[in-house]
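What follows is a set of notes on a single structure, which appears directly below.
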There are 2 protein chains.
Amino acid sequence: MPGRGPTYNALRHMPPFDLSSWLNLRTAEVDAALDRSLPKESKKPSTIHKAMRYSIFAGGKRMRPALVLAAAEACGRPNPDSYSLACAVECIHTYSLIHDDLPGMDNDDMRRGKPTNHKVFGEGMAILAGDALLTQAFEIAALCESNSRYSHRDLVLELARASGSLQLIAGQVADLEGEGKPTSRAQLRYIHERKTSALLCCSVRLGGMSVGCKPQQLEALTDFGYHVGLAFQVIDDILDVTQSSEVLGKTAGKDVKAGKATYPAIVGLDESRRIAAALTRKAFAALKPFRGKATALEAIAEYLLKRDH
Amino acid sequence: MPGRGPTYNALRHMPPFDLSSWLNLRTAEVDAALDRSLPKESKKPSTIHKAMRYSIFAGGKRMRPALVLAAAEACGRPNPDSYSLACAVECIHTYSLIHDDLPGMDNDDMRRGKPTNHKVFGEGMAILAGDALLTQAFEIAALCESNSRYSHRDLVLELARASGSLQLIAGQVADLEGEGKPTSRAQLRYIHERKTSALLCCSVRLGGMSVGCKPQQLEALTDFGYHVGLAFQVIDDILDVTQSSEVLGKTAGKDVKAGKATYPAIVGLDESRRIAAALTRKAFAALKPFRGKATALEAIAEYLLKRDH
């Protein structure tokens with residue numbers, strides 16, 4: 001029936017999903033939402049709002065917000081709460097980077113090619129900027145609505161648990177305590193589960209929850225987020241030893257020098273590659289129940305897990 | 001009618017409210033609730049839970065939890081949510097002290113006669129312990145229920161806003177930036193409103209909200225918390241210059257030495273005393289609408305505002 005949109009046949013031969021355009025569009029939307037959610041720089045006390053915005057708009061890839069929105073798309077249609085939760089997760093991620101870079105922690109001067117927060121605003125202000133972004137994340141999440149399947153409580157609790165002392169912060173602690181000490185493969189997986197998988201898992205779960213996803217969809221998203229997180233970390237470890245600083249855009253071999261445990265150091269490079277491949281397979285397999293509706297999620301996973309830098 | 005309880009006359013001559021017994025009882029209940037709410041020390045990673053508990057159980061006076069419960073009593077009967085919110089507020093207060101004591105901030109070695117968190121656990125762990133307590137506060141608050149007048153959202157939002165970059169953190173920022181600089185009376189009030197009043201106000205408001213207080217009760221509690229907070233700070237400033245270290249139990253004259261703005265330095269001692277008295281009167285006046293039902297609140301205010309150390 002001409003004039004009534006694409007035929008069934010046309011749909012079967014849809015052009016491949018254009019992740020780059022999708023990401024550009026979503027990132028611009030998330031940036032606008034973050035700009036609306038954070039107090040303006042002019043708001044008193046101005047320094048803290050400058051410091052918060054400095055790190056939030058420091059050129060992060062917005063992978064976690066993208067995962068929130070892609071998961072919402074896989075289960076329905078992203079709504080204002082999907083965007084709020086995307087912002088909340090990005091605030092959590094950014095606070096953890098600011099605190100992680102502090103002299104009392106990793107003592108990093110540069111991040112994404114720019115001076116770290118404490119290098120620009122001083123240590124005290126960077127501590128407070130991190131605290132403020134963490135608090136802001138909960139203010140943003142608190143403004144969400146309950147929906148037919150998930151209550152307001154479920155949403156805030158999901159965010160708090162993923163960020164707390166048994167998950168995200170546990171990863172930082174284990175990382176801090178593990179430096180220079182022999183680490184087993186099980187311990188390394190424990191660190192990766194918390195440092196990376198916890199917040200990636202939370203991102204896709206919150207995306208699904210924001211549109212009232214079904215329980216089996218939430219389970220599939222959890223499975224996906226968990227394995228993407230682990231695979232991402234193993235690949236990060238591999239790239240740290242195989243790529244030059246030039247290709248990586250950050251100091252290569254940094255983990256090894258810092259005495260941090262890595263997969264290649266513990267199980268060797270070949271076994272690390274096998275592990276990464278197995279985890280990647282599991283991540284993609286988790287998306288099967290969505291039967292083609294998780295296009296954006298699939299493309300993001302491919303982008304994250306098939307990178308060379 | 002003998003044997004049927006106290007007569008009207010007996011009620012009119014009730015023994016004076018025994019704050020000390022009330023506080024002992026409530027503090028023990030809050031301590032038990034905190035113990036249940038925080039992960040056990042044995043929970044992995046054990047160090048962070050030890051660090052969180054070290055500062056939570058370091059002998060704080062539990063004034064904010066007491067205010068939550070006393071406000072709940074003034075408006076109804078404290079329920080499990082009143083206790084949860086009391087714990088949440090105490091977690092926020094404790095995190096802010098841990099971060100405030102860090103070398104990048106006030107650089108304090110001792111608090112309440114004990115080594116500060118970073119002195120015991122190291123700077124990195126103290127940063128993370130503060131982060132974890134802040135996050136825990138929202139997890140605890142997220143577990144509360146909505147009631148007939150206030151939704152789950154109202155409760156979490158109240159906590160987030162009072163702790164955020166426009167309130168509690170704004171006070172820390174202004175304090176940090178004001179050190180050694182000339183400060184006006186208006187600026188000093190701005191700092192006190194945020195550093196102290198914000199969380200005291202939030203405490204009594206959450207107490208009232210937990211038992212579904214009426215709008216005019218919430219307004220009275222807000223007014224009370226605001227003025228108690230300001231009066232408390234002015235009195236703190238006065239004691240810092242008039243009392244010996246021995247009486248205070250902490251270093252006297254510390255604020256002056258640190259170049260921090262104080263009321264006596266800006267308006268003189270006599271005017272500071274007049275201001276403190278006026279604020280105290282306003283705090284007590286705010287309780288009038290409760291017509292005798294705010295006994296515990298009144299007693300706590302008296303204890304806080306008529307102290308000599």
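Here, each number is a calculation from the coordinates, and none is a lab measurement. Note that the structure is a prediction, hence the values are computed from the model and not measured. Using ideal geometry, Cβ is built from the backbone for each residue, glycine included, and neighbour counts are taken over all protein chains shown.
Structure values in brief
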{"quantity": "Within straight-line cross-link reach of A:K254, aspartates and glutamates at Cα separation under 16 Å, skipping those fewer than 8 residues along the same chain", "calculated": "A:D100, A:D101, A:D106, A:D108, A:D109, A:D175, A:E179, A:D236, A:D237, A:D240, A:E246"}
{"quantity": "Under the span-like rule (Cα at least 20 Å along the axis, Kyte-Doolittle mean at least -0.5), DSSP H helices of chain B", "calculated": "B:19-37, B:80-101, B:123-142, B:215-242, B:269-286"}
{"quantity": "For the stretch B:19-66 and the stretch B:130-165, distance of Cα centres in Å", "calculated": "18 Å"}
{"quantity": "Per-peptide average of other Cβ atoms within 10 Å, ordering B:97-110, A:265-278, A:137-150 highest first", "calculated": "A:137-150, B:97-110, A:265-278"}
{"quantity": "Pair A:A278, A:N107: separation of 7 Å Cα→Cβ label points (nm)", "calculated": "3.8 nm"}
{"quantity": "Linear extension gain, B:E179 paired with B:S46, 0.36 nm per residue minus alpha-carbon span", "calculated": "44.2 nm"}
{"quantity": "Where a label projected 7 Å from the Cα of A:K254 along Cα→Cβ would reach, residues of the stretch A:151-179 with amide N under 20 Å", "calculated": "A:169, A:171-179"}
{"quantity": "Candidates B:H152, B:H93, B:H227, ranked by Gaussian network fluctuation over chain B, Cα under 10 Å, top entry", "calculated": "B:H152"}
{"quantity": "Prolate/oblate/rounded label for the stretch A:19-305 (Cα gyration tensor, a/c 1.5)", "calculated": "oblate"}
{"quantity": "Cut-off 11 Å between beta-carbons: net charge of the residues surrounding B:M52, Lys and Arg +1, Asp and Glu -1", "calculated": "+2"}
{"quantity": "Value of [θ]222 nm, deg cm²/dmol, for chain B, DSSP H segments ≥ 4, -39500 (n - 2.57) each, nearest 500", "calculated": "-21000 deg cm²/dmol"}
{"quantity": "Diffusion constant of the protein assembly as shown at 10 °C, which comes from Stokes-Einstein with the Kirkwood Cα-pair radius and 1.306 mPa s, µm²/s", "calculated": "61 µm²/s"}
{"quantity": "Counted charge near B:A129, where neighbours are those whose Cβ lies closer than 10 Å (Asp, Glu -1; Lys, Arg +1)", "calculated": "+1"}
{"quantity": "Most fluctuating residue given options A:F121, A:F17, A:F284, as computed from a GNM of chain A linking Cα atoms under 10 Å", "calculated": "A:F17"}
